[in-house]
Amino acid sequence: MKKLAILASGSGSNAENIANYFKGKGIAEITLILSNNPNAYVLERAKKLGIPSFVFTKKEMNETEALLDAIKKSGAEWIILAGFLLKVPQNLLEAFDGKIVNIHPALLPKFGGKGMYGERVHQAVIESGETESGITIHYVNEHYDEGAIIFQAKCPVLKEDTADDVATKVHALEYEYFPKVIEELLLNDK
Ligand code: GRF
């Protein structure tokens, strides 16, 4: 059974989806949900799911070992970023080399980078006149959204689509594929 820690800054619907996907499958368990936002709804979801949580500040993340210590104490072997808006610090990248995975709500390398999250991404896709969007699941390195791509899935973008319409289609792809891609990674992680 592999142990996963999930980092999230906001609602946490992907975190909940992942936890529910693996529940009772004997493949993985979420041992800790961490957030840099004390008001993040993901913390409510963690409570409901009976998963321990850990709140930290950006300063603690970047200037102390508190975050790394909490993740290590949880026994997590992989770190999943599910709507985490900060850059992962060097100590985590080193300790979990090749085992930190992120999901981005667009087809990288386009529409990625610092500040590209949530509705802004979908608005940018629409304003660029793209006819498709989708998700990118990738390894995390020291730059925003630039690690090696693991998986992508696409959805159409229609002329009349609003950012909300695109978000709905992209979220559907996230919920369908993110747990399955993580499962594949874990099954190949001998
Ligand atoms: C998702 O769109 C994900 O692709 C992006 O942040 C959003 C997180 O949503 N990284 P939620 O917090 O999982 O509901």
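Miscellaneous remarks
- Solvent-accessible surface (1.4 angstrom probe) belonging to Arg120, in square angstrom, nearest 10: 130 Å²
- Surface per residue (accessible, 1.4 Å probe) for the chain, Å²: 49 Å²
- Alpha-carbon centroid distance for the pair segment 119-190 / segment 59-117, whole angstrom: 17 Å
- Förster radius 35 Å - calculated FRET efficiency between Asn188 and Thr57 (Cβ-Cβ, nearest 0.05): 0.50
- Where labels lie 7 Å past Cα in the beta-carbon direction, separation of Lys154 and Lys73 in nm: 4.7 nm
- Annotation for Lys47 and Ala66: the two label points, set 7 Å from Cα along the Cα-Cβ direction, are 2.0 nm apart.
- For segment 1-99, applying the loop criterion from DSSP together with a ceiling of 15 other beta carbons within 10 Å to the chymotrypsin sites (Phe, Trp or Tyr not before Pro) yields no site.
- The GluC sites (Glu not before Pro) of segment 121-190 meeting both criteria, a DSSP state outside H, G, I, E and B (loop) and at most 14 other C-beta atoms within 10 angstrom of the site's C-beta, are Glu142, Glu160.
- When each of the peptides 29-35, 59-65 is scored by how many other beta carbons lie within 10 Å of its residues on average, the order from highest to lowest is 29-35, 59-65.
- What the Cβ-Cβ distance of Glu146 and Ala95 gives, at R0 = 22 Å and to the nearest 0.05, is a FRET efficiency of 0.65.
- Percent carbon-and-sulfur accessible area, the chain, ignoring ligands, DNA and RNA, probe 1.4 Å: 52 percent
- With a 1.4 Å probe rolled over the protein heavy atoms of all chains, the accessible area of Met116, Met1 falls in the order Met1, Met116, largest first.
- A Förster radius of 22 Å, combined with the Cβ-Cβ distance separating Glu119 from Lys87, puts the computed FRET efficiency at roughly 0.60.
- Cα shape, the chain, gyration tensor, a/c 1.5 rule: prolate
- Computed from backbone phi with θ = phi - 60° and the Karplus coefficients 6.51, -1.76 and 1.60, the 3J(HN,Hα) list for segment 50-58 is x, 9, x, 10, 8, 9, 9, 9, 4 Hz; x is used for glycine and proline.
- Reachable lysines from Lys190, criterion Cα separation under 23 angstrom, eight or more residues apart if same chain: Lys2, Lys3, Lys23, Lys25, Lys72, Lys73, Lys99, Lys180
- Amide hydrogen neighbours beyond the local backbone of Ser53, cut-off 5 Å, H modeled: Ile33
- For the chain, built as a Gaussian network whose Cα springs stay under 10 Å, the top-fluctuating residue of Ile27, Ile18, Ile79: Ile27
- Degrees, to the nearest 10: 13-22 long Cα axis against longest axis of the chain: 60 degrees
- Net length available on complete extension from Glu127 to Met1 is 41.0 nm, with 0.36 nm assigned per residue and the Cα-Cα distance removed.
- Model label zone, Lys180; criterion: amide N under 15 Å from point 7 Å along Cα-to-beta-carbon; scope segment 140-158: 151-155
The values are calculated or read from the model by the stated rules, or taken from the named source; none is laboratory data. Just so you know, these numbers come straight off a predicted model, no measurement behind them. We place every Cβ from the backbone using ideal geometry, glycine too, and count neighbours over all the protein chains shown. Ligands, DNA and RNA are stripped out before the accessible areas are found, and what is left, the full protein with its side chains, is counted by its heavy atoms. Shrake-Rupley method; radii C 1.70, N 1.55, O 1.52, S 1.80 Å.
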